[in-house]
Every structure is written in structure tokens, then in C-alpha cells.
Ligand code: GRG
């Protein structure tokens with residue numbers, strides 16, 4: 001029987017969604033007093049309304065590369081996805097990107113209201129850290145602590161949130177290629193890097209394997225952003241499930257703006273080759289990760 005990659009990725013996304021659904025049900029956890037239904041509904045709208053589940057799938061596949069396939073890995077993958085979903089809920093707010101559409105649906109502040117969307121993002125972010133510290137993630141508390149600390153660093157001031165700040169400051173300003181690369185490695189790169197690095201950490205991989213997977217995460221993080229910038233220039237809002245042309249509208253400096261479309265495509269090709277080379281020592285075991293890198297480079301939404 002041949003391996004059906006598309007089916008495998010669909011199954012992995014379904015696994016993540018089943019657990020996300022359970023983590024976001026109405027039953028309060030020990031010492032939670034109650035889960036206000038409107039806030040819970042807004043969190044569910046932000047976290048369960050479509051989404052490619054790229055980060056949790058990368059996390060699970062990286063752990064799988066080292067034969068680590070557990071329920072705990074799915075929990076940790078959900079924590080990461082909650083942080084990603086919170087960032088999108090906040091990014092769509094009028095004070096940030098001011099978007100009406102996400103994943104082909106009204107954004108959380110459109111479906112509910114701004115205050116509820118802010119709280120939904122806050123509560124997703126907080127719940128993520130509750131989930132990742134859970135004993136079920138891994139029996140070794142020091143390993144869970146490492147996963148939590150690295151997640152905080154990837155999401156916080158020196159990672160995603162800091163990158164968002166640099167991005168806001170870059171509107172209507174010239175930026176050098178180095179500056180753009182740095183802000184993107186923080187804004188979108190940090191969580192993708194974490195996805196690959198943390199999967200290897202959870203699986204107790206060797207330091208050199210963790211470093212290799214970290215580099216793999218950096219390479220696909222950059223490729224993801226370049227592909228996203230290209231799609232922002234070239235794809236339709238219908239294909240993307242969100243408004244396009246936003247970078248130019250906001251006067252945002254992007255690598256595509258600086259390098260041009262042709263050079264960006266060449267850089268994407270180079271990054272895909274680097275990602276494949278990094279996976280070479282793992283042979284066929286890494287086929288899914290290689291296919292994911294290919295998907296990120298060639299995606300159409
Ligand atoms: C608000 C703290 C804070 C941070 C926001 C990630 C981010 C920082 C903003 C997102 C802005 C944006 C649309 C960037 C382009 C790349 C990106 C993260 C796209 C959305 O990720 P996908 O394509 O989304 O993985 P799905 O919907 O599939 O989950």
C-alpha cells in the first residue's frame with residue numbers, strides 16, 4: 001500500500017482539531033470558576049474555524065521523525081496552535097491590520113465585538129501555557145519547563161509580538177533587506193522555528209538533531225513568509241480567504257517589494273533545496289517533512 005500524504009495530513013489536522021475542540025469545551029478546569037459562553041464561543045470561532053494547522057502538524061511530524069508519537073505531543077501541538085490563533089485574532093483587530101475576513105469567515109471582532117476579540121486572544125494565549133505545562137505532555141517536568149520557556153520566547157517580545165511591533169513601525173518607511181529578514185524571522189518565523197525545534201525536544205532528540213531541526217524550521221519560516229508575500233501580491237482574496245494586497249496598501253516593506261517577484265521565486269527554490277538537504281540524513285523517514293516544505297513553498301492559499 002502506498003503512503004497517501006494528503007490523507008495523512010488531513011488525519012493529523014483532524015487529531016489536532018479533536019483535542020482543540022475538547023480543550024475549548026464548556027466544562028471549567030479545576031479552579032476555573034466558570035467559562036463565560038460568549039468568550040468561549042469567540043475563542044472557538046478563532047481557533048476552530050478552518051486553518052491549515054501547519055504549525056501543529058510540523059510539531060507532530062518533527063516528533064514523529066524521532067519515533068515519538070503520543071497523546072502528549074498532540075496536546076503540546078494544540079498549545080502552539082492556540083498561540084497562533086490568538087495572534088491572528090489580535091492581528092485582525094482595527095488597531096492592527098483591520099481585517100473583516102479570515103479563513104473565509106468574519107474575523108472574531110466582526111462576528112462578536114472588539115472587546116470580546118481582545119479577550120478571546122488573551123484567553124487563548126493563557127490557556128496555551130496551561131496546556132503545555134500539563135503532566136500528560138511528558139512525564140519529565142524539566143522537559144515541559146523547557147518547552148514552555150521556549151514557547152514564551154518564540155511568542156513574546158523577542159519573537160512574534162516583538163516582530164509585530166517592528167512590522168507596525170515599518171509602515172511607510174524604508175527598510176533594509178537585513179531589517180526585513182529580522183522582523184519576519186520574529187513575526188512569522190519564530191513560531192514555525194519553534195514547531196520544528198520543540199517537536200525534536202519533546203522526542204528527546206540529540207543536541208545536533210535539535211539544531212538541525214531548528215535550522216529546518218528557520219528555513220521553512222522564511223519560505224513561508226516569502227510565499228505569503230508573493231500570494232499577497234498575486235493571489236485573489238477568494239483563494240486566500242482573506243483580503244490581499246494589504247502590504248502595498250499599508251506601505252509595508254517586504255522582501256518581494258525589495259527583491260522583485262523573479263528573485264523571490266529563485267530564493268524560494270534555494271530554500272526548498274536547503275530544507276531537503278537538511279532532511280537528507282533521515283532518509284525516507286523525513287518524506288513527510290520534505291513534502292511539507294514543498295507545500296509551503298508552492299502553496300496557493
Ligand atoms: C498580534 C502579537 C500579534 C502578532 C501577530 C503572525 C502575526 C503576528 C500576524 C499575522 C499576519 C499575517 C497574516 C502574516 C502572514 C503570515 C501568516 C502568519 C499567515 C497566517 O498563517 P497561516 O497561513 O494561517 O498558517 P491558517 O489560517 O492556516 O492558520
Exercise. By how many nm would the segment from residue 69 to residue 262 grow when fully extended, if each residue of separation counts as 0.36 nm and the alpha-carbon distance is taken off?
Worked result: 65.5 nm
Exercise. Considering the chain as a Gaussian network with a 10 Å cut-off on Cα pairs, which listed residue, 284, 17, 81, attains the greatest mean-square fluctuation?
Worked result: 284
For this session: Please report how far the C-alpha centroid of region 1-52 lies from that of region 100-157, rounded to the nearest whole angstrom.
Result: 12
Exercise. With the chain treated as a Gaussian network of Cα nodes joined by springs under 10 Å, which of 260, 104, 199 yields the largest mean-square fluctuation?
Worked result: 260
Exercise. Using the reciprocal of the averaged 1/r over all distinct C-alpha pairs, how large is the Kirkwood radius of region 1-98 in Å?
Worked result: 14.9
Exercise. Put a dot 7 Å past each Cα toward the Cβ at residue 32 and residue 4; how far apart are the dots in nm?
Worked result: 3.5
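What length, rounded to one decimal in nm, is gained on full extension from residue 211 through to residue 126, with 0.36 nm per residue of separation minus their alpha-carbon distance?
Working: separation 85, 0.36 × 85 = 30.60 nm, distance 2.81 nm.
Between residue 211 and residue 126, full extension yields an extra 27.8 nm.
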Seminar exercise, completed: Checking 283, 251, 72 against a Gaussian network model of the chain (alpha-carbon springs below 10 Å), the top fluctuating residue turns out to be 283
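Any chance you could run the full-extension gain for residue 176 through residue 234? It's 0.36 nm times the residue separation minus the Cα-Cα distance, nm to one decimal. Before the final figure, lay out each step's value.
Working: separation 58, 0.36 × 58 = 20.88 nm, distance 2.29 nm.
Full extension from residue 176 to residue 234 adds 18.6 nm.
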Exercise. What residues of region 40-83 lie in the reach of a label at residue 301, counting those whose backbone N is under 18 Å from a point 7 Å from the Cα along Cα→Cβ?
Worked result: 46-55
Seminar exercise, completed: In whole percent, the Cα-Cα distances of the chain spread across 10 Å bins from 0 upward as 6, 28, 37, 23, 6, 0
Problem set entry | Ranked 212, 55, criterion: other C-beta atoms within 10 Å, fewest first | 212, 55
Seminar exercise, completed: Hydrodynamic calc, region 85-188: Kirkwood Rh from Cα pairs, then Stokes-Einstein at 10 °C with viscosity 1.306 mPa s, so D in µm² s⁻¹ is 104
Seminar exercise, completed: Assertion target for 196, 85, ordered by fewest C-beta neighbours within 10 angstrom first, is 85, 196
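Give the relative contact order (percent, whole number) for the chain; include only Cα pairs under 8 Å separated by 6+ residues.
The value is 18 percent.
Just so you know, all these numbers are worked out from the coordinates, no wet-lab data involved. What you see is a predicted model, and the numbers here were worked out from it, not measured in a lab. For neighbour counting, all protein chains shown are included, and Cβ atoms are generated from backbone atoms with ideal geometry for every residue, glycine included.
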